[in-house]
Each structure stands twice: as structure tokens, then as C-alpha cells.
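To keep things clear, I will list the structure first and then write my remarks on it.
The values are calculated or read from the model by the stated rules, or taken from the named source; none is laboratory data. From a predicted model like this one, the values you see are computed outputs, not experimental measurements. As a convention, Cβ positions derive from the backbone with ideal geometry for all residues, glycine included, and neighbour counts pool all protein chains shown. The area values use the complete protein model at the heavy-atom level, side chains included, leaving out ligands, DNA and RNA. Shrake-Rupley method; radii C 1.70, N 1.55, O 1.52, S 1.80 Å.
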Amino acid sequence: MNQSKARITALGSYVPEKVLTNDDLEKMVDTSDEWIVQRTGIKERRISREDEYTSDLSYQAVQDLVSRSQKQIDDVDMIIVCTLTPDFKTPSVASLLQAKLGIQQAGALDLNAACAGFTYGLHMANGLITAGLHKKILVVGAETLSKITDYEDRTTCILFGDGAGVALVEYDEKHPSFLAAHVGSEGEKGKHLYSSNLSNQLFGEEIQATSRIVQNGREVYKWAVTSVPKGLNSLLDKASMSLKEVNWFVPHSANLRMIESICERAGFPLEQTLYRLVNYGNTSSATIPLALNKAHVEGKLKAGDTIILYGFGGGLSFAGLVIEWGI
Ligand code: COA
């Protein structure tokens, strides 16, 4: 693999104001706070206003990045928005964001790898910068999952929430962040987690033609707790590292029980694992930047720390990265 020439230099995040608690959900579907906490660890999640979309959340996250880091973004030359809940099919959220931010000379595109989106986005940004094609890239992970959640389906509506996070990735030959990547897809398992509205067939099998999220929670759970520990080994092999050298693990936070099981199977301490699901639920491509940003704000991350980011979910797909912290 090429020696990386890209570094993560700033972070930002945003979540909508409205809170949906487990108590609120008890009034909507046949569930209980006790069941939800016991099975998922989630207590509440944020819900966007009716007139608030993924581009709005993305914009606020970038504003947070700019105000806290004092970074200039008018010379950003690429905007990648990772999302499965774009405002429109076209224009892309990235194009809307480019216009809202008033950035003149940037390419803009959306990337959909569901909950693996943000790590795929970072991987692409590293590739474009290391190849010498771009110098400064905004990678956003943003979702308004509440807009495609079925609030009559108790097996899914307890899980999802809205939020956004962003990283600025810049050219830096001397102190690159990206040490190794392991990406992949198991498309034949796509039927376990989908949102359609065009097709009602998946590999010849009839599925629901609905834009709401449909999932087989058990299958996704089983897949994640077996596939992620294996993927971590492949990732560490590529980085020529052992798990002992890793300071922090930031898995996609879908379900706390799933994270506990992944850590146990991989042999990694839960105390060194960062997640934001207790108050935000599963925000898909936003979970990793939300967790990373909180740890950064709290001063937990030290320059030189080795961190594993691991996104996984719809596709089914995954993208893991070993990075060296350098903000
Ligand atoms: N409240 C109360 N009971 C519920 C419920 C809820 N919100 N949701 C399901 N149940 C019931 C089921 O109807 C079932 O009842 P039954 O035994 O009478 O049929 C029982 O609880 C067990 O259902 P099951 O689906 O087997 O539960 P589970 O232990 O697998 O937990 C999930 C369900 C969704 C929490 C869990 O499978 C999960 O988190 N999977 C991963 C999903 C995910 O993370 N997706 C995104 C990946 S990126």
C-alpha cells in the first residue's frame, strides 16, 4: 500500500434538538425502557424537525468544525457526504452543502455505504490526497434516519436516530493519519437490512417495496459479531500491528450488546472503546465521527494514539481503518 500523505486535522458534529426517549417510545409501540436498555443499551435518540434534512445537519456539523478549529474551508477541493438518507436523489447532499458553505472550487458527491459510510469516505479521501489529486477534503457522515423509520415497527424504531459528524482531511506527507485499511462487502446478505422504493426483488426474492428501513435484526447481529472480530484481525495484519498496540477502538455504534460481544470475541477492553449510542441511538454513518469528536473534545485522544475505526452495516458492507491520531 502507498504511504499515506493525508491527515485528519479537524472534527465537528451536530445533533438535532428534539429528544425521543424510551419512555416516549413506550407510548408509541408495545415496548419498554427496560427491554430497550437490556437489548441495546440505548436510552434516547435525536430526531430532526420536519423541515430539517441531512444537508442541514451536515452544514451545522461543518460550522462546528470551523468554529472550534478556526480552519479555513474556502479552499476545500472535495466534499464527500456519506449518507443513506439524502434530501433528494439528486442533487446530492454534497452539492447542497457546497452551495450552503459557499465553497467555489470543490468537487462534491454522496457516498452510500450505509453504516460503513464514514470510514469508506475517509478511505476515499486518503486515496485522493495520497494520489496527489486533491489537497483538502471534507468527509461528512450525516443521517436523518427518523425520516425513513417505521414508528409502528418496534423492532426497528427503537434503534435509529439522527446526527452528523465531519472530518477535515488535508495533505500532510510528514504526519499522515492513515496506516491501514480493510474494506469489503457481502452483497448476498443485503436482504437482512434494506430500504427500497423502486424494486421489490432482491436476487429473485420478493422484498417489501418500502423506503422505510426493514431488517432482520438477529441476522445482522450474528453477522456483525462474527465478521467484525475477523475483520479486525485482517486489518491489524495489514498494519503489522497487534491489538495491544491499539489505544482506542471506535466501532460503528448500533447496539451496545453487539459492541460488548465484538470486544469480548476480539479480546479488546470495552473501556478503550468509544461509542455514542446511549443518547443518540444508531445514527448510521454519523456514529463514528460523533464518538470520535466527543473523545477529542474531552481530551481523551493524544497525538500519536493508534485508533481503529470500524464501520459496518447495510450492504452488508464494512470498512475498517487504523489511524494515528494527530489533531
Ligand atoms: N420491545 C419489546 N419486545 C420486542 C421489541 C421491542 N422493541 N422488539 C422485538 N421484541 C420482541 C420480539 O417480538 C420477540 O418476541 P417473541 O419472542 O414473542 O417473538 C422478542 O422480543 C425477541 O425478538 P428478537 O428480534 O429475537 O430480539 P433480539 O434479541 O434479536 O433483539 C434487536 C432485537 C433488533 C435489538 C437486535 O436483534 C439487534 O440489535 N440487531 C442488530 C440490529 C442492528 O444493529 N442493525 C443495524 C446494523 S448497522
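Please report the carbon-and-sulfur percent of the accessible area for region 25-129; probe 1.4 Å, protein heavy atoms only, DNA, RNA and ligands left out. Could you put the intermediate results ahead of the total?
On the way: 2380 of 5000 Å².
After summing per-atom areas, the C and S share lands at 48 percent.
On average, how much area does the Cα convex hull of region 156-286 cover when viewed from any direction, in nm²? Mind dumping the intermediate values first?
Details: hull surface 40.4 nm².
Result: a mean projected hull area of 10.1 nm².
Hey, what number do you get for the chain at 222 nm if only DSSP H runs of n ≥ 4 count, each worth -39500 (n - 2.57), divided across all residues, to the nearest 500?
-9500 deg cm²/dmol
So who's got an amide H within less than 5 Å of the one on Thr210, skipping anything under 5 residues away but keeping other chains? H placed 1.01 Å off N, in plane.
Ser196
Can you work out D for the chain in µm² s⁻¹ from Stokes-Einstein, where Rh is the Kirkwood radius over C-alpha pairs, the temperature is 20 °C and the viscosity is 1.002 mPa s? Walk me through the numbers on the way to the answer.
Numbers: Rh = 19.6 Å.
D, rounded to a whole number, is 109 µm²/s.
Which pairs in the list Lys89/Lys147; Lys18/Lys71; Lys238/Lys294 are over 19 Å apart, alpha-carbon to alpha-carbon?
Values: Lys89/Lys147 14 Å; Lys18/Lys71 29 Å; Lys238/Lys294 28 Å.
Violating the 19 Å Cα-Cα cut-off are Lys18/Lys71; Lys238/Lys294.
Using the basic label-point model (7 angstrom from Cα toward the beta carbon), what is the Glu219 to Gln105 distance in nanometres?
Using points 7 Å along Cα→Cβ, the separation is 4.9 nm.
On a full-extension model of 0.36 nm per residue, what is the gain between Gln272 and Asp51, subtracting their alpha-carbon distance, rounded to one decimal in nm?
Values: separation 221, 0.36 × 221 = 79.56 nm, distance 3.76 nm.
That works out to 75.8 nm of additional length.
Within a Cβ distance under 13 Å of Ala266, other residues only, what is the Lys/Arg minus Asp/Glu net charge? Can you show the working numbers first?
Values: positive: Lys230, Lys244, Arg265; negative: Glu260, Glu264.
Surrounding charge for Ala266 is +1.
Evaluate the relative contact order of region 238-279 (contact order divided by residue number), counting alpha-carbon pairs under 8 angstrom at least 6 apart; express in whole percent. Walk me through the numbers on the way to the answer.
Working: 26 pairs, mean separation 20.5, N = 42.
About 49 percent, as a whole number.
Please compute the net charge surrounding Gly41, taking Lys and Arg as +1 and Asp and Glu as -1 over other residues with Cβ under 9 Å from its Cβ. All intermediate terms of the calculation are to be shown ahead of the outcome.
Numbers: positive: Arg39, Lys43, Arg257; negative: Glu260.
Surrounding charge for Gly41 is +2.
Leaving out same-chain residues fewer than 8 places away, which aspartates and glutamates sit with a Cα under 14 Å from that of Lys136?
Cross-link targets: Asp74, Asp75, Asp77, Glu170, Asp172, Glu173.
Let me know the charge dipole size of the chain about its Cα centre in debye, to the nearest 20, where only the beta-carbon of Lys, Arg (+1) and Asp, Glu (-1) is charged. Don't skip to the end; give the middle numbers.
Working: 32 positive and 39 negative charges, 148 e Å.
Charge dipole of the chain: 720 debye, to the nearest 20.
Hydropathy at least -0.5 by Kyte-Doolittle, axial extent at least 27 angstrom from the Cα trace: which helices of the chain, defined as entire DSSP H runs, fit? All intermediate terms of the calculation are to be shown ahead of the outcome.
Values: long enough: 217-239 (32 Å, -0.26).
Long hydrophobic helices here: 217-239.
With a sphere of radius 14 Å drawn around the Cβ of His192, what net charge do the other residues whose Cβ falls strictly inside it have (Lys, Arg +1; Asp, Glu -1)? Could you put the intermediate results ahead of the total?
On the way: positive: Lys189, Lys191, Arg218, Lys222; negative: Glu186, Glu188, Glu205, Glu219.
Spelling it out: positives minus negatives among the neighbours equals 0.
In what sequence, highest mean first, do 257-268, 8-19 appear when ranked by Cβ atoms within 10 angstrom? Spell out each step's value before the answer.
On the way: 257-268: 17.9, 8-19: 20.8.
Per-residue mean Cβ counts within 10 Å order the peptides as 8-19, 257-268.
Which shape class applies to region 85-134: rounded if a/c is under 1.5, otherwise prolate when a/b exceeds b/c and oblate if not, where a ≥ b ≥ c are the square roots of the Cα gyration tensor eigenvalues? Could you put the intermediate results ahead of the total?
Numbers: a/c = 2.73, a/b = 1.15, b/c = 2.38.
Oblate is the answer for region 85-134, as a/c is 1.5 or above yet b/c matches or exceeds a/b.
Please give the contour-minus-distance gain from Asp87 to Gln208: 0.36 nm per residue of separation, less the Cα-Cα distance, rounded to one decimal in nm.
Details: separation 121, 0.36 × 121 = 43.56 nm, distance 2.19 nm.
Using 0.36 nm per residue and subtracting the Cα-Cα distance, I get 41.4 nm.
Express the accessible area of region 1-111 per residue in Å², computed with a 1.4 Å probe while the remaining protein chains stay in the model. Walk me through the numbers before you get to the answer.
Numbers: 5780 Å² over 111 residues.
I get 52 Å² per residue for this part.
Considering only protein heavy atoms, what per residue accessible area in square angstrom results for region 119-164 with a 1.4 angstrom probe?
Details: 1420 Å² over 46 residues.
With all protein chains present, region 119-164 gives 31 Å² per residue.
For region 6-171, take N as its residue count and report Rg(C-alpha) divided by 2.2 N^0.38 Å.
On the way: Rg = 17.1 Å, N = 166, 2.2 N^0.38 = 15.3 Å.
Region 6-171 yields a ratio of 1.11.
Write down the radius of gyration of region 1-68 and its Dmax, each obtained from C-alpha positions, in Å.
In order Rg, Dmax, the Cα atoms of region 1-68 give 17.8, 54 Å.
Roughly what % of DSSP beta bridges within the chain run antiparallel, to the nearest 5? It would help to have the intermediate numbers written out before the result.
Working: 40 of 56 bridges.
Close to 70 percent.
Mind checking which aspartates and glutamates have their Cα closer than 20 Å to the Cα of Lys174? Skip sequence neighbours fewer than 8 apart in that chain.
Asp305, Glu324
Under 16 Å Cα-Cα from Lys191, which lysines qualify once same-chain neighbours fewer than 8 residues away are excluded?
Lys222
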